[in-house]
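Just so it is clear, none of the values below were taken in a lab; they were calculated from the coordinates. Everything quoted here is computed from the prediction, not taken from an experiment. Note that we place each Cβ from the backbone using ideal geometry, even for glycine, and neighbour counts take in every protein chain shown.
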Amino acid sequence: MASGNVVLGVLFALASILQLLMYLSAASFVGSRLVFSYAMDRIMPDFVGDVSEKRHVPIKAIVISMIAGLIGLTVFTLPVTSAGAFLLSSVAVAILMLFPMTILSIAVLKTEKGENKIRTVAILSIIYLIYTFYQYLTVPAIDADSVVGYGILAGSIIILFGIFYIAKFVQARQGIDFNLIFEEIPPE
């Protein structure tokens, strides 16, 4: 409609739909692998980590991920919640910025004194990530700079820590050392 050309309007609409379908397939793939890894780390029930003998994939983890995605698709496409979906997306990106910052900070602290190149790249990366994180939390167009946005950010972090410590507590009661999940790098 913005171009005044019906063909361009249809092309833009199709491109948007294809982009959303690419996001859905990527989210389903990543989500199912995360759910599967949570089962392997005993954060989720063991049955979630079952691998199909016939197909050699974690079908239950894929189904759980798809159901969560379809619920999210249904909820966030409603006109009332679409702005909230954009806000959640912005907050999710802001949270995701925290993880590389942490890893790069550890890289800076653990590098030998002679490895100045690694230290320099890590420091520059941290500066960039802090700037991007700041942009997500302060630019009004992204809308994460509201009380609701900050609440979602803080609430998400609290929920993630809650899940971790509840899983750690449950596993400790079963006699399992939950800290072992940090002893090796996962295969994926």
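Which of the residues that make up region 147-175 are in contact (Cβ under 8 Å) with a residue 40 or more places away in the chain and of a type in the set (S, T, N, Q)?
156, 171
Going by what's in this entry, would residue 54 be described as over 17 Å from the mean Cα position of the chain (by Cα) and surrounded by 14 or more Cβ atoms within 10 Å (Cβ to Cβ)? So that I can check it myself, show each step before the final result.
On the way: over 17 Å from the mean Cα position of the chain (by Cα): yes; surrounded by 14 or more Cβ atoms within 10 Å (Cβ to Cβ): no.
It is false that residue 54 is over 17 Å from the mean Cα position of the chain (by Cα) and surrounded by 14 or more Cβ atoms within 10 Å (Cβ to Cβ).
Determine which member of the set 39, 15 is in a helix (DSSP H, G or I), exposed (fewer than 12 other Cβ atoms within 10 Å of the Cβ) and of a type in the set (A, V, I, L, M, F, W, C).
On the way: 39 fails: exposed (fewer than 12 other Cβ atoms within 10 Å of the Cβ).
Going through 39, 15 in turn, just one is in a helix (DSSP H, G or I), exposed (fewer than 12 other Cβ atoms within 10 Å of the Cβ) and of a type in the set (A, V, I, L, M, F, W, C): 15.
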